[in-house]
Amino acid sequence: MPYSAHGRYVIEQKNNILFVDAQGPFTELTIEKYHQEIKLLTEKMTGEPWASLITFRGNSVFTPEAELQLKETTIYRQEKGMIAIAVVIRDSAYADIQQLQLQRIYHDCQMAFHVFSDSESAADWLNDFLQQSNLMKNNQRKIALTN
C-alpha cells in the first residue's frame, strides 16, 4: 500500500468474518470514511453472529478524535451482530501504544478481542469463538423449546 497522509484500508467479507487490512496514520477523516463503509457492509451481515479480523500495518496510532470515532463504529458493529475482534499489529514502532488504544476502545465497548502476531492464529481464534457462540446459542434455543 502506498503512503497516504490519512491512512488507507481494504475491507473484505468472507463468510461471517469481516477482514480489514489497514495502514495508518488514522485521522478523523480516515475513520469517518471507514465508518461509512462499515455501515454498508454490516447491513449484509446482520442475523448471525460475526467477527472482525483487523490487521494494522506500520505505525497506525489513532488521533484522539479517530479513537472516539472508532469506539462509535465498534458500538455500531456490535448492534449489527459483531461479537469479537482479533487484531494483528505488524511492522510498528508503536505497537504498544496501538494495543493500549485498542484495549481502551474495546474494553469500553465490552467487546471480546485479542491481539495476535499473525493472521492465521487470529482467524483460528475468531472461528473458534464464533463456533462456541453458535453452540451456546443453539443450546439456549433447545432449552427454551423444552420449557
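Read-outs throughout are calculated quantities, based only on the coordinates presented, and are distinct from any laboratory measurement. Predicted, not measured: the structure shown is a model, and the values here were computed from it. Here the Cβ positions follow ideal geometry from the backbone for every residue, glycine too, while neighbour counts run over all protein chains shown.
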When H107, H35 are arranged by how many other beta-carbons sit within 10 Å of their Cβ, fewest first, they go H107, H35
Taking the chain and dividing mean pair separation by its residue count, relative contact order in percent (alpha carbons under 8 Å, at least six apart): 22
25 Å Cα-Cα reach of K71 towards lysines, excluding residues that sit fewer than 8 places from it in its own chain: K14, K33, K39, K44, K80
When a footprinting reagent is the concern and you count Cβ atoms within 10 Å, what order do R57, R90 take, fewest first? R90, R57
Going by average Cβ density within 10 Å per residue, which order do the peptides 59-68, 77-86 take, highest to lowest? 77-86, 59-68
At 7 Å along Cα-to-Cβ for each site, give me the label-to-label distance between H107 and K33 in nm. 3.1
Ignoring everything except DSSP H segments at least 4 long, calculate the 222 nm mean residue ellipticity for the chain; use -39,500 (n - 2.57) per segment, divide by total residues, nearest 500. -17000 deg cm²/dmol
Rounded tilt (10° steps) of 119-146 against the dominant C-alpha axis of the chain: 30
Distance between modelled label sites at Y76 and E43, nm, 7 Å Cα→Cβ extension: 1.2
Could you work out the per residue convex hull volume over the alpha carbons of region 8-146, in cubic angstrom? 97
Listed residues S117, Q103, F129: farthest to the positive end of the dipole of region 8-146 (Cβ charges): F129
